[in-house]
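A.B. asks: Attaching a single structure in structure tokens format; questions to follow.
The values are calculated or read from the model by the stated rules, or taken from the named source; none is laboratory data. Everything numeric here is computed off the predicted structure, so don't read it as measured data. When we count neighbours, we look across all protein chains shown, and the Cβ atoms used for this are built from the backbone with ideal geometry, even at glycine. Only protein heavy atoms, including side chains, enter the accessible area calculation; ligands, DNA and RNA are left aside. Shrake-Rupley method; radii C 1.70, N 1.55, O 1.52, S 1.80 Å.
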Amino acid sequence: QFLATLSQVIRTPSNGVLGTLDLLLGTPLDDGQRAWAPTAHESAQQLLQLLNEILDFSRLEANQVKLEQQPLAPGDLLQRVLSLHLAQAREKGIRIIPGIAAGTPAWVLGDAARLPQVLMNLVGNAVKFTDLGEVAITVRHDGTHLRVEARDTGIGIASDAQARLFNRFVQA
């Protein structure tokens, strides 16, 4: 209850930051600013999304979550999510390799809010736990479902920890 209330309160200034960044993006900017401002905007959107996730968690606890069905472009979504992790990957000297498998439609129906949540978590963890090499994320469509595959050269997950991972609030 506390987190849900806090999330609601923080959403107002977050929307103010997003609005200000929208205005900034509509002004003349030098090349560096033009490169950085969209990243700040996307990061602010992700922060707002995180607040929404906290509210979703409250809904999940109350059995009130419903998946939405909206058109979304898997390739665009993948590029947006990966772009947020490029700086950290470059800093670590690792490559991020996006992939859209043959036969994946340009548009699918899916939850345009929750799929980015999953991708952000997946890519974020892959980059976080990879010190050398690469992170490859591939999106494919099997005719019915959109599937996201992650491969990285990171440390992996210890076999004794794997069985516990899908319990609430457990990390390995």
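A.B. asks: Anything in segment 101-147 that is among the hydrophobic types (A, V, I, L, M, F, W, C) and over 17 Å from the mean Cα position of the chain (by Cα)? List them, or say none.
C.D. replies: Within segment 101-147, ALA101, ALA102, ALA106, TRP107, VAL108, LEU109, LEU132 meet the criteria.
A.B. asks: Criterion first (at positive phi and either surrounded by fewer than 12 Cβ atoms within 10 Å (Cβ to Cβ) or assigned to a helix (DSSP H, G or I) (or both)) does ASN52 satisfy it?
C.D. replies: Here the answer is no, as ASN52 does not meet what is asked.
A.B. asks: Let me ask something else. Within segment 13-35, take every residue that is surrounded by 13 or more Cβ atoms within 10 Å (Cβ to Cβ) and not polar (S, T, N, Q) and give me the one that is nearest to VAL118 (Cα to Cα).
C.D. replies: Once the filter is applied, the top-ranked residue is LEU18.
A.B. asks: With the condition kept exactly as written, say whether any residue in segment 57-72 is among the hydrophobic types (A, V, I, L, M, F, W, C), touching a residue at least 12 places away in the same chain (Cβ under 8 Å), closer than 23 Å to ALA150 by Cβ and in contact with a Lys or Arg (Cβ under 9 Å, 6 or more places away or on another chain).
C.D. replies: Yes - at least one qualifying residue is present in segment 57-72.
A.B. asks: Please determine whether any residue of segment 36-45 is out of contact with any Pro (no Cβ under 6 Å at 6 or more places or on another chain), closer than 25 Å to GLY124 by Cα and open to solvent by 90 Å² or more (accessible area, probe 1.4 Å).
C.D. replies: Filtering segment 36-45 for residues out of contact with any Pro (no Cβ under 6 Å at 6 or more places or on another chain) gives 36-45.
Pick out the ones that are also closer than 25 Å to GLY124 by Cα and you get 36-45.
The next check asks that each one be open to solvent by 90 Å² or more (accessible area, probe 1.4 Å); those that pass are 36.
Checking segment 36-45: at least one residue is out of contact with any Pro (no Cβ under 6 Å at 6 or more places or on another chain), closer than 25 Å to GLY124 by Cα and open to solvent by 90 Å² or more (accessible area, probe 1.4 Å).
A.B. asks: Can you say whether ARG114 is among the basic types (Lys, Arg) and in contact with a strand residue (DSSP E or B) (Cβ under 6 Å, 6 or more places away or on another chain), as far as the supplied structure shows? Write out each step before concluding.
C.D. replies: Details: among the basic types (Lys, Arg): yes; in contact with a strand residue (DSSP E or B) (Cβ under 6 Å, 6 or more places away or on another chain): no.
No; evaluated as a whole, the condition is false for this residue.
A.B. asks: Here's another thing I want to ask about it. When the residues of segment 130-172 are narrowed to those that are basic (Lys, Arg) and in contact with a strand residue (DSSP E or B) (Cβ under 7 Å, 6 or more places away or on another chain), which ends up nearest to VAL118 (Cα to Cα)?
C.D. replies: Pass one, segment 130-172, residues basic (Lys, Arg): 140, 147, 151, 164, 168.
Remaining after also requiring in contact with a strand residue (DSSP E or B) (Cβ under 7 Å, 6 or more places away or on another chain): 140, 147, 151.
Values: ARG140: 15, ARG147: 11, ARG151: 15 Å.
Going through the qualifying residues, I end up with ARG147.
A.B. asks: Separate question: Give me the pairs: first residue in segment 6-25 and within 12 Å of ALA40 (Cα to Cα), second residue hydroxyl-bearing (Ser, Thr, Tyr) and assigned to a helix (DSSP H, G or I), beta-carbon distance under 7 Å, and six or more apart or on different chains, which are they?
C.D. replies: none
A.B. asks: So which residues in segment 66-110 are over 22 Å from GLY124 (Cβ atoms) and among the β-branched types (Val, Ile, Thr), if there are any at all?
C.D. replies: THR104, VAL108
A.B. asks: Please verify whether VAL118 is more than 24 Å from SER14 (Cα to Cα) and either among the β-branched types (Val, Ile, Thr) or touching a residue at least 40 places away in the same chain (Cβ under 8 Å) (or both), treating the condition exactly as stated.
C.D. replies: On the way: more than 24 Å from SER14 (Cα to Cα): no; either among the β-branched types (Val, Ile, Thr) or touching a residue at least 40 places away in the same chain (Cβ under 8 Å) (or both): yes.
No, not satisfied.
A.B. asks: Identify, from the list LEU55, LEU72, the residue that is modelled with pLDDT of 90 or more, within 19 Å of the chain's Cα centre (by Cα) and within 30 Å of VAL9 (Cα to Cα). Full working, then the answer.
C.D. replies: Numbers: LEU55 fails: modelled with pLDDT of 90 or more.
Among LEU55, LEU72, only LEU72 is modelled with pLDDT of 90 or more, within 19 Å of the chain's Cα centre (by Cα) and within 30 Å of VAL9 (Cα to Cα).
A.B. asks: Follow-up question, since we're still on this one. Scan segment 60-67 and give yes if some residue there is under 27 Å from GLN8 (Cβ atoms), part of a helix (DSSP H, G or I) and either open to solvent by less than 60 Å² (accessible area, probe 1.4 Å) or of a type outside the set (D, E, K, R) (or both), otherwise no. Show your work before the answer.
C.D. replies: If we filter segment 60-67 for residues that are under 27 Å from GLN8 (Cβ atoms), which is where we start, we get 60-67.
This time we only want the ones that are part of a helix (DSSP H, G or I), so: 60-61.
Going one step further and asking which of them are either open to solvent by less than 60 Å² (accessible area, probe 1.4 Å) or of a type outside the set (D, E, K, R) (or both), we end up with 60.
Yes, that holds for at least one residue.
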